[in-house]
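What follows is one structure encoded as structure tokens, with my remarks underneath.
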Amino acid sequence: MGILVVDAAGRVLFMNQHLELLTGARADRVVGLPCALVLRSRCCVQQCTGSRPAARGRGGCRQDDILARDRRRIPVRITTTPLLGSDGQRLGAMESIEDLRPVPGSGPASGGPYSFGDIIGQSPQMERLFAMLPVVAQSDASVLITGETGTGKDLLAEALHQASERAKGPFVKINCGALPATLLESELFGHQKGAFTGAVEDRPGRFRMAHRGTLYLTEIGDLPTPLQVKLLTFLDDKIVYPLGSAAGYPADVRVVAATHRNLEDMVRRGRFRQDLFYRLNVLRLEIPPLRSREGDIRLLLDHYLKRLSVRLGRTIEGFAGRCLKILLHYDYPGNVRELKNIVEYCANLCQERRVQPRHLPAYLTDPARPAATPRPSAAGSPPLLPARKDPASPPGERIAERWRDVEVRMIREALVQARGNRSRAAAMLGCSRSTLWRKIRQFGIEV
Amino acid sequence: MPLKVLIPLLENNVAPRFDLAAEVLIAVLDGRGTIRDRKLLIMPQASAEKLCQLILTEAVGTVICGGIEEEHYDYLTWKQVKVIDDVIGSGQAALQQLGRSRLQSGAVLQIADRL
């Protein structure tokens with residue numbers, strides 16, 4: 001993190017080594033110079049010059065860019081903190097400058113794909129989505145994210161928060177489908193001591209916790225009707241009324257909601273309030289399912305394989321031709337989440353340079369084994385279609401094979417092959433003996 | 001031989017950013033480095049592309065600026081314009097140093113009061 005300290009007139013007093021590296025300026029040569037001439041940030045030049053010093057005096061956080069000495073424009077986040085004397089007089093300001101360029105190696109693997117936060121893709125559908133995101137992030141309006149399960153709605157919500165002006169504020173997530181209505185109301189809006197049996201103390205709700213940040217309501221389609229009214233009231237008034245309290249307090253919260261359900265259909269059926277739908281649907285982001293994202297399957301396969309190989313300390317170079325053919329022709333009803341799990345399975349199992357078909361989960365290579373994730377069914381769409389494009393694959397419902405089940409099966413198979421010898425089984429699995437012991441206990445495997 | 005010089009300005013100093021400068025100083029130096037002519041131009045809006053266009057149409061020989069992006073630097077040097085960048089200081093001081101053939105990239109000169 002680059003640090004710059006300026007006096008009340010905006011002249012540089014101190015610059016740390018990190019900022020020297022970022023800007024290319026030498027601290028000993030720039031002390032005493034106006035910060036606008038040194039930092040060369042857009043905001044400094046446009047708003048913070050000597051004749052307009054007001055912007056410098058205010059604290060706050062802003063997305064900006066600076067022009068370094070090596071002639072590169074660098075996106076940064078600048079947080080300004082006024083430095084005040086004991087009498088309240090402004091002595092200067094401290095600016096922390098955060099480099100927003102992606103960390104080398106943490107980005108997408110190859111092909112120069114577009115990305116936003118942790119979401120990557122180079123299909124035309126994702127390009128269109130990425131083009132919208134910076135604009136949506138900068139707006140303060142409510143956002144509704146829709147898409148099938150596993151498409152990355154949570155990632156997108158968090159990326160939106162990180163790219164917004166509220167990035168320094170909290171990002172609070174709550175699953176509207178995970179709690180009963182009464183508990184959810186208390187979770188969301190908080191309660192006052194004595195509001196109900198067991199309410200022994202005041203409790204701030206998620207709205208309060210998300211003050212000056214973003215509240216992410218996932219599975220908004222599962223929000224009970226009484227709470228839909230209360231949420232609508234908040235969106236209109238921006239005032240939160242805790243349970244049992246007549247006094248409300250204002251909360252500066254941006255609401256991002258997500259669902260895999262078809263909300264329009266739910267509105268038609270009277271299961272979701274139309275007015276709330278319109279209030280949330282100010283900005284709508286639809287994440288396309290993976291099967292319709294042209295070219296992204298290969299990109300994501302390579303990306304996750306590379307990342308997992310590094311994490312697991314393997315030297316897997318890629319997928320063998322036949323293996324890749326199977327993976328590219330699979331339909332991924334569980335979308336990116338399923339693809340990631342498949343790659344994790346392969347990376348754990350593969351001890352060679354290239355992933356072979358035998359390293360794939362059985363349901364991909366053996367059509368007789370129904371083990372794929374059932375296709376997520378948005379309300380109104382036909383449920384549970386066959387997961388493979390291969391016409392030879394049997395139609396009908398498929399049973400989800402969770403990673404936990406896969407791990408249990410792998411451990412059991414390794415133990416059988418090693419005739420109960422845990423050291424050998426651990427070596428076969430590519431993990432330490434203690435990890436194997438921990439997994440055996442965790443999954444309750446009888447040895 | 002006279003030399004035409006352009007300096008993007010932020011108030012009276014060399015603008016810290018070429019792409020954000022809305023005011024430029026165009027001066028003519030004679031063969032001995034004396035300032036023979038100077039004019040201030042206000043750009044309708046800050047734009048690096050418009051500035052490059054102005055530099056070419058005005059047949060400027062040397063540009064003195066603060067920060068400039070690689071793309072614009074390469075374009076100007078490709079068009080045979082000499083660019084002395086990363087200069088901090090007043091436009092007047094930069095011109096004087098250039099007249100004495102002492103101005104180099106990275107120079108920190110006298111700052112004008114108004115900034």
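The values are calculated or read from the model by the stated rules, or taken from the named source; none is laboratory data. For clarity, every value in this text was computed on a predicted model and none was experimentally measured. Here the Cβ positions follow ideal geometry from the backbone for every residue, glycine too, while neighbour counts run over all protein chains shown. SASA here: full protein model, heavy atoms, side chains in, ligands and nucleic acids out. Shrake-Rupley method; radii C 1.70, N 1.55, O 1.52, S 1.80 Å.
I'd like the FRET efficiency for A:E317 and A:S86, computed as 1/(1 + (r/R0)^6) with the beta carbon distance as r and R0 of 41 Å, rounded to 0.05.
So, using R0 = 41 Å, E works out to roughly 0.05.
The mean number of Cβ atoms from other chains found within 10 Å of a Cβ in peptide B:4-16 is 3, as a whole number.
With the whole protein complex present, A:K325 retains an accessible surface near 130 Å², based on a 1.4 Å probe.
Look at the stretch B:81-92: the mean tally of other chain Cβ atoms within 10 Å of its residues' Cβ atoms is 2. A simple packing score, the average count of other Cβ atoms within 10 Å per residue, orders the peptides B:57-63, A:63-69 as A:63-69, B:57-63, with the highest score first. Taken residue by residue and averaged, Cβ atoms of other chains lying within 10 Å of the Cβ of A:66-72 number 6. The length gained on full extension between A:D275 and A:S245, counted as 0.36 nm times the residue separation minus their Cα-Cα distance, comes to 8.3 nm. Taking every DSSP beta bridge that has both ends in chain A, the antiparallel portion is near 60%.
Rg then Dmax, both in Å and based on the Cα atoms of the protein assembly as shown: 30.5, 95. Annotation: segment A:124-286 has a Kirkwood hydrodynamic radius of 16.2 angstrom, from the mean reciprocal C-alpha pair distance.
Say R0 is 56 Å: what FRET efficiency, to the nearest 0.05, do A:T225 and B:V28 get from their beta-carbon distance? The pair A:T225/B:V28 has a calculated efficiency of 0.15. When you count the other C-beta atoms within 10 angstrom of each residue and take the mean per peptide, A:79-92, B:24-37 line up highest first as B:24-37, A:79-92. Please determine, in degrees from 0 to 90 and to the nearest 10, the orientation of helix A:296-312 with respect to the longest principal axis defined by the Cα atoms of chain A, where the helix direction is its Cα long axis. Once rounded, one gets 90 degrees. Other residues whose C-beta falls under 15 angstrom from the C-beta of A:T214 contribute a net charge of +4, scoring Lys and Arg +1 and Asp and Glu -1. A crude spin-label estimate for the pair B:L54 and A:R404, with each label 7 Å from Cα along the Cβ direction, gives 6.7 nm.
Taking label positions 7 Å along the Cα-Cβ direction at both A:T182 and B:R36, the computed distance is 9.3 nm, reported to one decimal. In percent, rounded to a whole number, the relative contact order of chain A is 11, using alpha-carbon pairs under 8 Å and six or more apart. Rounded to the nearest 20, the Cβ-based charge dipole of segment A:108-225 about its Cα centre (Lys and Arg +1, Asp and Glu -1) stands at 300 debye. Multiplying the residue separation of A:I3 and A:D140 by 0.36 nm and removing their Cα-Cα distance gives an extension gain of 46.5 nm.
Between the alpha-carbon centres of segment A:118-184 and segment A:279-293 there is a gap of 10 Å.
Taken over the C-alpha atoms, chain B has Rg and Dmax values of 12.6, 35 angstrom.
Per-residue ellipticity at 222 nm computed for the protein assembly as shown from its helices equals -10000 deg cm²/dmol, with DSSP H segments shorter than 4 residues left out and the rest contributing -39,500 (n - 2.57). Note on segment A:208-272: antiparallel DSSP beta bridges, both residues inside, total approximately 25 percent of the bridges counted. Here the calculated FRET efficiency for A:Q442 and A:A27, from their Cβ-Cβ distance with R0 = 56 Å, stands at 0.60, rounded to the nearest 0.05.
Distance between the pseudo-spin-label points of A:M132 and A:N421 (7 Å out from Cα toward the beta carbon): 5.9 nm.
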